[in-house]
Structure formats: structure tokens, C-alpha cells
1. Could you grab me the full set of residues in the range 38-48 that are assigned to a helix (DSSP H, G or I) and farther than 22 Å from residue 75 by Cα?
2. Among the residues of the range 3-15, what is the count of those that are surrounded by 16 or more Cβ atoms within 10 Å (Cβ to Cβ), at pLDDT 95 or above and farther than 15 Å from residue 130 by Cα?
3. Specify which of the listed residues (177, 118) is closer than 21 Å to residue 5 by Cβ, surrounded by 15 or more Cβ atoms within 10 Å (Cβ to Cβ) and either modelled with pLDDT of 95 or more or touching a strand residue (DSSP E or B) at 6+ places or on another chain (Cβ under 9 Å) (or both).
4. Any idea which of 58, 80, 31 is at pLDDT 95 or above and assigned to a strand (DSSP E or B)?
5. Mind counting the residues in the range 24-63 that are touching a helix residue (DSSP H, G or I) at 6+ places or on another chain (Cβ under 6 Å) and exposed (fewer than 12 other Cβ atoms within 10 Å of the Cβ)?
6. Would you point out the residue of the range 150-161, among those that are touching a residue at least 24 places away in the same chain (Cβ under 8 Å) and more than 12 Å from residue 139 (Cβ to Cβ), that is surrounded by the fewest Cβ atoms within 10 Å (Cβ to Cβ)?
7. Restricting the search to the range 76-96, which residues are in contact (Cβ under 8 Å) with a residue 60 or more places away in the chain and either under 20 Å from residue 118 (Cβ atoms) or surrounded by fewer than 16 Cβ atoms within 10 Å (Cβ to Cβ) (or both)?
8. Residue pairs, Cβ under 6 Å, 6 or more apart or interchain, first in the range 1-18 and at negative phi and in a loop (DSSP other than H, G, I, E, B), second surrounded by 13 or more Cβ atoms within 10 Å (Cβ to Cβ) and modelled with pLDDT of 95 or more. List them.
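The values are calculated or read from the model by the stated rules, or taken from the named source; none is laboratory data. Keep in mind the model is a prediction, meaning the values are calculated, not measured. Because the Cβ atoms are built from the backbone with ideal geometry, glycine has one as well, and the counts that use them run over all protein chains shown.
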């Protein structure tokens, strides 16, 4: 297995970990997830296996962008990606600040819903990001049509900003600051993990 960059025991959930996504070893799993109709907002439903592999090999070669598989115990439960906005096309659409870190989140289909799953996982990866004292603000840009993701991000304390016209979507720019996270944003129980940014 590829390197684990973060692990934390989540009460009532299990051991959550972020493992570097291997674009070769993990390709079958990732391709299956991102080409399902439910993954339409991930932007790869029409991609071939080779195209998905090319994208993740490209990400794997960048110093500014990183992709991870999320696990609970030994079960892969989704994809978590980070990027430096000033090294990404998004940086051309808003005034990037020092300490900004962008994320993408894909939660895999849940074989059985787990109450509180989404909030527990979100708190874990957010804590991991803010463990780096240089990071001051998490940036997201979900598709404005993705109502489920928008509700989730708002519930998790993200403050919505402008809508942006990106190359592949109309996006809702939103931010979560370190101060807001440390102050303890609003969370509620979630009965499914079938969301994605």
C-alpha cells in the first residue's frame, strides 16, 4: 500500500486514514467510482480507463496537487484531493491569499449508511489540513448544480462567496478559515455518504 499521510480514530466510525493514491494500483477502483452516473459532478463519467489513469498520473507528478484515497479501517471510502490555488486555474478567478489550500472531495457509494459519517470525516481531513500552521483557509469550488454538496459545505461552516465561470462548470466559491474551524462550525448528523464535491 502507498504511504499513509494521516490517520485518526473516529469514535463510532473507525480508523480514518489518508493514503497517497497510486495511479496504477488504484486505477480500477478509481475508474469504477468516477465513471458511475452518480459521479457526474466529478467530471469524468465519459472518460476511458486510460484517460482517468492519465489524469491521476499527471496529478501524481505535480508538487502542488495531491490525491489520496480515504479509508475507514480497511475499506476505501472516497477520494480526497488538495491543490495550491495559485498553481491551479482556479487562482486566475479569485484573489489567492497566502495560506490558501484547495480541496476536492469524492465520497464513494456507501454499502450501508453510517450516522455522522460525513461530518466525522470532514472534521478529520480539515484537522489534518490545519495541522500545518501555514494553512489559513480552505478553498472549494463545487458545481452550483450540486445541491447536496452545497448543503454539506454550508453545514460544515464554509462561507459562500462569488459564483465563478470555470472552464468546465459554473462554480460556487467558498472558504473555511482556520479561525472558523477552531471556533467549531455547525455540524449535524448525516445518514449517508453519497455526496461529492
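1. Those that are assigned to a helix (DSSP H, G or I) and farther than 22 Å from residue 75 by Cα: 40, 41.
2. Residues meeting the conditions: 0.
3. 118
4. After applying the criteria, what remains is 80.
5. 0
6. 155
7. Listed by number, the residues that qualify are 77, 78, 80, 89.
8. 2/19; 2/20; 2/22; 3/20
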